[in-house]
């Protein structure tokens, strides 16, 4: 095959490969949970806030990584091309795939592979095919902000190092200092680069230096310079990041059993998850044994030495990742943490085959590439025929939320993490959604401080794995009461309170402010907490304080107290009393008192107004319920409301 024909053939493979990837993205829903969850929406949210809005980068609570490089560089052109998050993710996916191909071709050229583009394209198409068919962690090839930058950075650093070795290993070598700068930037961006790239890189040079003379020792010192640069990059993080969120390094044997079990599950998933990858893994192990044997025996050409270095690097990278995983006492291992360990065997297998089987590699790799492209195109075409092509991701539940909010002019709301950024970015309105835990505490995690005012317009309550609504619903209603408008949108419940009418903290400072305590949140003398967080008598004949508290200070003003309760006594029959009391120093003053009447086991309420003067505002307010008759009785909730 002539040179021009080889170029045209390679170009067609790349073009059709990219076409298949783009069609699959816009037609398939298989990886929507990866593309459009709140983690993946980090960069669209940040760029829109900082570049299009009034936000500031130093107001952001970034990810622990925080993916500065190369993720920001890859996302910037996508942001400049389109303002639609769905299309931004589509562009980033293609850019990341293209950059992977270019780095593979660069590495193949540095390894002096006979047909570098043929090798790179076959490896690249294999990775693309695995991304769509083998799930995580291969799927992260298609989306940024999942530690994939560590793998891209490792590819670039290995290629630069090989260029440095081929240039004579001089201290004045441009590739050497480019490697140092790149290592510093990558470690500043993601500390996983230390584990999965810098540590094996240093180790392989240390092994090579043993008994190989002055040149090997010189290369070891240069490798130490690269490692030192990465440590400098890591140390810059707390100085340059306004809100450091990086996880502390916690190594020890305290979680050994848990980590060993999880690591074995991850390795088993990788090794047996897909037949194609299993075959690649077996081929890599066989080739690794042969290559390292020839390398250590110093037999063969310089290509053998480069193949041995790459093989050793891949094996040591996997070993370092496994060792740190076993000793890590923080959050458990996840598939996104082992992207390099999973993808490097595919790269190394292709490169080693290209070095070892020169005569047959080009036709075999070309045939494999054609089969992979045809498979990708066939799959993409099938998805397009089944689902059509989409230019925007607009799920029915988010369309429902948009429709409900459009009439109220509500734009600023709250939600839990997995709902907040997803709804905000896929909505067709300019929403700003602050992240909260289900106990209504702020979740300042991968978000900006600018999203947290004192009041909001709406709340989105999602479902838990068991199908029940999140406790966030109860917390919101405890403070604000039931929402005037409630709309069920798929698995999400939308609570619309109106402009600036939703509070996350019950301050009772203004008329209309309200705070609610469930029965089980209150102290008791004769009661016990029940499954629905009510407080009921321990025994029917008991008499005394069924609830008291909550001991809060109220500003001077007018208030209303409500007690929601049930009693088995007939309607209208006295069963006890309730009152509002304030304790100032040692003095207890009753501000309001009324009887409690039977309700025939139906929920009812007693309410009454009371006033707090300036002297009493320094005291502690409590609402007390007293059982004075036999029979079952329980307190459901106590509420306080500020009146005009």
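The numbers here are math on the coordinates, done by the rules we state, and not lab data. What you see is a predicted model, and the numbers here were worked out from it, not measured in a lab. Please note: Cβ atoms are built from the backbone with ideal geometry, for glycine as well, and neighbour counts cover all protein chains shown.
The table below gives the values:
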{"item": "Segment residue 499-residue 174, extension gain: residue separation times 0.36 nm, minus the distance between their alpha carbons", "result": "111.1 nm"}
{"item": "Sequence-separation-based contact order of the chain, relative, with Cα cut under 8 Å and 6+ spacing, percent", "result": "13"}
{"item": "Cβ-Cβ FRET estimate between residue 257 and residue 584, R0 fixed at 60 Å, reported to 0.05", "result": "0.60"}
{"item": "Simple spin-label estimate for residue 271 and residue 521 in nanometres, 7 Å along Cα-Cβ", "result": "5.2"}
{"item": "Degrees between helix 85-110 axis and first principal axis of the chain (Cα, 0 to 90, nearest 10)", "result": "30"}
{"item": "DSSP beta bridge pairing in segment 396-503, given as percent antiparallel to the nearest 5", "result": "65"}
{"item": "Potential extension, residue 615-residue 19 segment - 0.36 nm per residue separation minus Cα distance", "result": "207.0 nm"}
{"item": "Computed FRET value (nearest 0.05) for residue 81 with residue 530, which takes r as the C-beta separation and R₀ as 45 Å", "result": "0.20"}
{"item": "Between 0 and 90°, nearest 10: helix 3-27 axis offset from the chain longest Cα axis", "result": "10"}
{"item": "Nitroxide proxy distance, nm - points 7 Å out along Cα→Cβ at residue 239 and residue 29", "result": "5.1"}
{"item": "Hypothetical label at residue 568: residues of segment 593-629 whose amide nitrogen lies under 11 Å (7 Å Cα-Cβ projection)", "result": "601"}
{"item": "Kirkwood-based shape ratio for segment 514-643, expressed as Rg/Rh from alpha carbons", "result": "0.97"}
{"item": "Distance histogram for the chain (every C-alpha pair counted, 20 angstrom bins, percent rounded to whole numbers)", "result": "16, 39, 26, 15, 4, 0"}
{"item": "Segment 396-503, relative contact order in percent, only Cα pairs under 8 angstrom and at least six apart counted", "result": "30"}
{"item": "Residue order, fewest to most surrounding Cβ atoms within 10 angstrom, among 45, 63, 583", "result": "583, 63, 45"}
{"item": "Full-extension gain in nm, residue 371 to residue 392, via 0.36 nm per residue minus C-alpha separation", "result": "4.5 nm"}
{"item": "Degrees separating the helix 302-327 axis from the principal Cα axis of the chain, which is the longest one", "result": "20"}
{"item": "Residue 601 versus residue 331: modelled label distance in nm, points set 7 Å from Cα along the beta carbon direction", "result": "4.8"}
{"item": "Two-decimal Rg/Rh across segment 378-493, once Rg and the Kirkwood Rh are taken from alpha-carbon atoms", "result": "1.03"}
{"item": "Centroid-to-centroid separation of segment 622-644 and segment 441-488 [C-alpha atoms, Å]", "result": "27"}
{"item": "Gap separating the Cα centres of segment 389-417 and segment 1-80, nearest whole Å", "result": "23"}
{"item": "Ellipticity estimate at 222 nm from DSSP helix runs (n ≥ 4, -39,500 (n - 2.57)) divided over the chain, nearest 500", "result": "-16000 deg cm²/dmol"}
{"item": "Relative contact order for segment 514-643, counting Cα pairs under 8 Å that sit 6 or more residues apart, in percent", "result": "39"}
{"item": "Efficiency of FRET between residue 486 and residue 52 - r from beta-carbon atoms, R0 41 angstrom, step 0.05", "result": "0.80"}
{"item": "Using distinct alpha-carbon pairs, which all enter the 1/r mean, Kirkwood radius of segment 62-387 in Å", "result": "20.6"}
